[in-house]
Amino acid sequence: MNGSESDPLEPGLGHWLRERVAHYAQREPAEIDPSANLTSYGLDSVYALSLCGDIEDRLGLVLEPTVAWDHPTIEALAAHVEGMLTDARRPQDAG
Amino acid sequence: MTSSARTSASALSPASVPSTGPARPDASGAGVVTATASKPVLSGGTVDLEAFEQALGDPFDPSAPLSFARSAESDRREQFPADMCRLLDRLGMPSLYVPVEHGGALARYDELTAAVRSVARRDLTLAVGHAKTFLGGVCVWLAGRPEQARALGADIVAGVPVAWGLTEHGHGSDLLAGTMQARRDGDGYRVRGEKWPINNATRGDLICLLVRTRPEGGPRGFSLLLVDKRRLPHDRYRHLPKVPTHGIRGADISGLAMDDCPVPAGALVGTEGGGLETVLKALQLTRTVCTALSLGAADQALRITVEHAARRGLYGRTMVDLPHVRRALGRAHAALFTAEVVSVFAARAVHTMPEELSVISAVAKAYVPSRVDELIMTCEELLGVRGFLADYHEHGAFQKLHRDHRVVGVFDGSTFVNRHSLISQFTLLARGHARITANPAGVEGAADLTAALPTPRMHRLSLTARGGCGLTQGLAGAAADLRGLTADGRAPARLADLADELNGHCERLHEELALCPPSSQFAPPEAFTLARRFELCFAGAAALRVWLHNAAAGHDGLWLEACLVHVLQSLRPARTAADEAVFDRLFDALRTGAPVAPPTTGGGL
Ligand SMILES: Cc1cc2nc3c(=O)[nH]c(=O)nc-3n(C[C@H](O)[C@H](O)[C@H](O)COP(=O)(O)OP(=O)(O)OC[C@H]3O[C@@H](n4cnc5c(N)ncnc54)[C@H](O)[C@@H]3O)c2cc1C
């Protein structure tokens, strides 16, 4: 886990994802609608895979590269990743 | 199972392509290949690649089963080389398209690529037409149900051709644009739409189709159906006519149209919605295997050219003794050796580091066909008018292979498409390079040709290489190892200088990769240049690794030097004359019959 322990449920995750998507789409974050399909920003299926690498890198999780295919909006992706973080932080996983 | 993945690439030594093929007195080109010696040499029990090469015979001999004379005939008539295909069937070639666990002989991808290369160095049309069955089956090996894979394996081993239908009219590389649709209907599907242009669409009794199963499409909107045409209602599908083509004229390039055709539910391969993911993984394997088509073409081009140059008198000398000819032929061999190392490394990497294959296969499929295109152009210049005449000079074999090879860089993902897939992984490559995250054992296992290959673990294939590329990450270490060998004279110092220079390029490249802005679908031209530089660094690193892990004592490193100079010439701003002399030395050594080829070549040269 790197640098994110202070956010138990990652309230900033959606915000950060929006910035990443804006970065790939080469637009302003404000222009990115969290409920819109990522493909509407020209983020094709292959680039959606890169997003997975960014999330892994930030949160120290291992995800399926296709995570953004199965959760194709920022909202859905954030919810899914938060769910994974919660699971990963259950006490039994510590031992 | 023999462990040999070695082939006898042989531009120089005619003896290395055996001239004692099975006797075949019929020279009309239309008759049946007699099967005197065509018992299986490739089967679940044994994979004897040398016997396979022997049985195929010397293509220069018109009475050989796969001769240039025969190939020219079917090319001229634009006729499918059915007899030659049957010979390959009898020798057991189809069993190499089926993994051992599904009843075939495919245990090692380097054996499959070696066999494809053996066929391609005789007739590329035949190799493309026959090996397509591997491409047709591979999605089922990755995602199919065990009984589905078993049944398909039995069909393929029995010689049934299988096609792979991804492309449609108007949609080429953009797989998500496909409109062939399958909708649920009772127990199965109804399929409507057309696939075109498809290799073996008409001949193939089975075809693996990528179909839209969600009207809105998207990465989870496509599925795969393995359709058995023998069981479809005949009035619900039809074949689209053979398309006349520039090269591979004898191949069955046609199409399939389905008209609300009922397809049973059991045809589904993997999960509904899993089609794109499976195809992208399958392409990693097929792109790796397709590089063998280019190697075969290069073998053939070089052999024709060298034999011509050795015979042709010009200005009171033999052509091969003219300084520029010698240099060009040396450079062409360096190009072949580098391409061959990349291809063999990639085929072994399927076993040792499948998690990196999204990078490795893209590099291999971008690098090998495009460098072999250049090699063929060099040969064409040297052959002069003989490269151009259709019937003259080895039955016009050269102009045929020239046309045939053009398609290798187009289908199964063009050079651009593969570079684009590398570009989409630049962030991972840069990040991995900075932190050295990939597993070095995978690189060593791929480079050490004597290392046993583990059974391929296909569940480890991934759409992106999470840790980046181990080979380029380990280049600095490999260059340092080589420098260490120079200390006690086990390697010449100039080799270590070249390796350091390559490493410098690789480091600078990765700094640029880290700064390259993401570009989604529309990558800028500069990114394609970076991708090409990555391929060159990868190719040089592969050569270095293969040399380090297989260098016999006293080996002077001539082939490695030639390979490094070859890739560095494309990385440097300008050529330097001093370096180029290595190509003269390489060619001189090859002419004496000295064993100077990389160990990926095997016993031929
Ligand atoms: C002889 C032959 C046999 C074939 N057999 C089969 C078969 O068996 N099964 C099958 O499904 N298909 C088959 N095809 C189709 C082949 O795979 C397609 O031609 C291929 O997908 C490319 O499509 P396209 O040529 O229509 O190019 P397009 O996809 O229309 O591309 C046009 C150009 O843009 C480039 N380009 C495309 N995408 C990108 C990108 N992302 N980045 C940069 N540049 C890009 C291409 O390289 C090309 O130069 C066959 C084709 C031929 C000629």
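Observations on the model:
- Every condition in (1) away from every other protein chain (no Cβ under 14 Å); (2) out of contact with any Cys (no Cβ under 6 Å at 6 or more places or on another chain) is met by B:SER462 except one, and the failing one is (1).
- Among the residues of region B:496-505, at least one is farther than 25 Å from B:ASN418 by Cα, of a type in the set (Asp, Glu) and crowded, with 17+ Cβ neighbours inside 10 Å.
- Identity of the residue in region B:465-478, part of a loop (DSSP other than H, G, I, E, B) and out of contact with any Gly (no Cβ under 6 Å at 6 or more places or on another chain), that ends up farthest from the other protein chains (Cβ to nearest Cβ): B:GLY474
- Test: residue in region B:421-441 that is surrounded by 20 or more Cβ atoms within 10 Å (Cβ to Cβ), away from the ligand (no atom under 16 Å from the Cβ) and away from every other protein chain (no Cβ under 14 Å): no
- Test: residue in region A:82-92 that is within 21 Å of B:ALA514 (Cβ to Cβ) and of a type in the set (S, T, N, Q): no
- Residues located in region B:189-214, provided they are over 14 Å from B:LEU225 (Cα atoms) and crowded, with 24+ Cβ neighbours inside 10 Å: B:ILE198, B:ASN199, B:ASN200, B:ALA201, B:GLY204
- All positions within region B:118-131 that are in contact with a strand residue (DSSP E or B) (Cβ under 8 Å, 6 or more places away or on another chain) and either away from the ligand (no atom under 16 Å from the Cβ) or under 13 Å from B:ALA292 (Cβ atoms) (or both): B:VAL128
- Pairs linking a residue in region A:78-95 that is within 25 Å of A:ASN37 (Cβ to Cβ) to a residue that is exposed (fewer than 14 other Cβ atoms within 10 Å of the Cβ) and at pLDDT below 90, with Cβ atoms under 7 Å and 6 or more positions apart or on different chains, are A:GLU82/A:LEU9.
- Strands (runs of 3 or more DSSP E) wholly inside region B:173-221 containing at least 3 residues that are modelled with pLDDT of 95 or more and farther than 28 Å from B:VAL157 by Cβ: B:181-185, B:188-199
- Of the residues B:LEU548, B:LEU515, B:LEU530, the single one that is surrounded by 19 or more Cβ atoms within 10 Å (Cβ to Cβ), more than 16 Å from the ligand (Cβ to nearest atom) and aliphatic (A, V, I, L, M) is B:LEU548.
- Verdict on B:ARG230 being at pLDDT 95 or above, in a loop (DSSP other than H, G, I, E, B) and away from the ligand (no atom under 15 Å from the Cβ): no
- Scanning region B:155-204 for residues that are of a type in the set (Phe, Trp, Tyr) and either more than 9 Å from the ligand (Cβ to nearest atom) or over 22 Å from the mean Cα position of the chain (by Cα) (or both) gives B:TYR189, B:TRP196.
- Qualifying positions in region B:391-420 - hydrophobic (A, V, I, L, M, F, W, C) and touching a residue at least 12 places away in the same chain (Cβ under 8 Å): B:ALA397, B:PHE398, B:LEU401, B:VAL407, B:VAL408, B:PHE411, B:PHE416, B:VAL417
- When we screen B:ALA115, B:ALA82 for residues that are more than 16 Å from the ligand (Cβ to nearest atom) and free of Cβ contacts under 8 Å to residues at least 12 places away in the same chain, the only hit is B:ALA82.
- Selection over region B:247-263 of residues that are within 14 Å of the ligand (Cβ to nearest atom) and touching a residue at least 60 places away in the same chain (Cβ under 8 Å) gives a count of 8.
- Restricting region A:34-52 to residues that are among the aliphatic types (A, V, I, L, M) and part of a loop (DSSP other than H, G, I, E, B) leaves a set whose member that is nearest to the other protein chains (Cβ to nearest Cβ) is A:LEU43.
- Residues in region B:168-188 that are buried (at least 18 other Cβ atoms within 10 Å of the Cβ) and farther than 19 Å from B:THR245 by Cβ were compared, and the one that is nearest to the other protein chains (Cβ to nearest Cβ) is B:LEU175.
The values are calculated or read from the model by the stated rules, or taken from the named source; none is laboratory data. Predicted model only: the values in this text are computed from it and were never measured. Using ideal geometry, Cβ is built from the backbone for each residue, glycine included, and neighbour counts are taken over all protein chains shown.
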